[in-house]
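Report on the structure given below.
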Amino acid sequence: STWVYNKTNNAADVKPVKPTAGTPTPATKQQNNPPTNGPNPYYYARSPTLRLAKKLANANATLCFSGDSIDYQIYSAFHNNLRRIAQIHRLHFPDEHKRGGDLVSVVTREIPVKHATKPGNVDDWFMYGHRPQDGDDSFLHANRPPPHGFGSIYSILETKAFFRNEQSTGTGTKARIRYYMSYGWSPWNVDFMEDCSVIIMNLGLHYHPDGNHTDKKARHPLMDDMLAAITYLSNFTASKDNRIAVWRSALPQHFPTTDGHFYGWKKMQKDSCSVIDKRNSGIQQIYNTVYDEAFSKLCQPRQQIGEKAEQLCHHHSHRCDVNPLGDVGYQTIYNFWRTNNCTEQMKRERLRLVNWNGIKEKHVTGTILRWNIFNLFDQTKWHSQDLDCSHFCYIPPLFEAAFERLELLISPLLASF
């Protein structure tokens, strides 16, 4: 990505410039404007993270990441990028900071979540690997959540980014970015996401990379959970205005195995992360292949204009036709409610569908966008050195490039809020 080192905002002047090491020098009283020659340390003015946060704030929107520790890293990178931008701005414009003129103010909070379940404890699951004490396998088959157990959130993390209104004092806008822990398809979590404007979801790394790709805890096939998630996301966007659903591609794993996936420590061929052998793993590894198959079952790519556009934007937007009340073999939200006798939720959903589509119509059509960033992270050098070949180090330009794709993907919809 060259946006960091562009010298001007003029597209005609965009030329890649080799970056220099070190920390930008603070501005003095004689230097209050960005330099016009050489690498520009004031790149924060064109940061995709900042642009996206501003667009979320202008739309009064809440962006929600739902997934495992990879999504937690992405959420943290968004938070860290905003804090970093604010700090660099203060470094160069200390007088504005003293006058309360921060470019962006970032605060965080943790929102506790409690599930009503039978007794159990964290150690049962995390430390000893025991199934919670429900006695009827209900968690094992994802019929209900464990008590603070694996795969179920115990708090929602939230970052708020405040932007001052340059036309007046004392007012401004704010963006909300949240993280919902979900280490597998977790129908008990979605009620907490009802006030989200944008949901970005992913499943994958905690499903086996071989066989039927079953969840390592709930033992659901990834395909079944994908179909349930697509049904939920499609219904989410169709049920209310100003909602966006995004499916994130799985990021590459670079374990020293035949296809880069993790099959256990004994099957490592060496003690460092390795380049993926595309002959064994496919172009984007197995999880993204399963995603494509699942979307092909329920969705159609939206038509692009022109052959070139089709090549550039293929699979970035899908129209999905689903039946939220369908009696299917996978764990949809409605099936979860029915299993647990959640009569109020069932009644509410049936009434909503009747009001939305008519008495006889049970199918809904919703749009899901695809945030494909696999290739950006396909570098072994960006992992830490402890043979963790799934997670990536915090490299600001890397995550800025990822958020630039997200900004391009959802900006047209945010503008209509």
Compute the Kirkwood hydrodynamic radius of segment 218-307, taking the inverse of the mean of 1/r over all pairs of distinct Cα atoms, and give it in Å to one decimal.
15.7
Of His363, His92, ordered by accessible area with the largest first and a 1.4 Å probe, the sequence is His363, His92
Full-stretch length increase - Ser69, Arg219 - with 0.36 nm per residue and alpha-carbon distance subtracted:
52.1 nm
Specify which residue in the list Met268, Trp247, Tyr232 is farthest towards the positive end of the charge dipole of segment 217-283, using unit charges on the beta carbon of Lys, Arg (+1) and Asp, Glu (-1), about the Cα centre.
Met268
What ranking do 248-261, 185-198 get when scored by the average of other Cβ atoms within 10 Å per residue, highest first?
248-261, 185-198
Take each of the peptides 383-392, 316-325, 343-352, average the number of other beta-carbon atoms within 10 Å over its residues, and list them starting from the highest.
316-325, 383-392, 343-352
What spacing in nm lies between the two simple spin-label points modelled at Trp382 and Arg99, each 7 Å away from Cα in the Cβ direction?
3.9
Sequence-distant or interchain residues sharing an amide H contact under 5 Å with Val113, placed H: which?
Ser155, Ile156
Virtual spin-label span in nm between Gln345 and Ile283, 7 Å along Cα→Cβ
3.8
For segment 341-417, count all C-alpha to C-alpha pairs, find those more than 15 Å apart, and express that count as a whole percent of the total.
72
Roll a 1.4 Å probe over the protein chains and send me the accessible area per residue for segment 153-278 in Å².
39
For segment 226-235, Karplus couplings with θ = phi - 60° (6.51, -1.76, 1.60), whole Hz, Gly/Pro x
5, 4, 5, 5, 5, 4, 5, 5, 5, 5
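The values are calculated or read from the model by the stated rules, or taken from the named source; none is laboratory data. Just so we're clear, the structure is a prediction, and the values are computed from it rather than from any experiment. Using ideal geometry, Cβ is built from the backbone for each residue, glycine included, and neighbour counts are taken over all protein chains shown. Accessible surface is based on the protein model in full, side chains and every heavy atom, while ligands, DNA and RNA are left aside. Shrake-Rupley method; radii C 1.70, N 1.55, O 1.52, S 1.80 Å.
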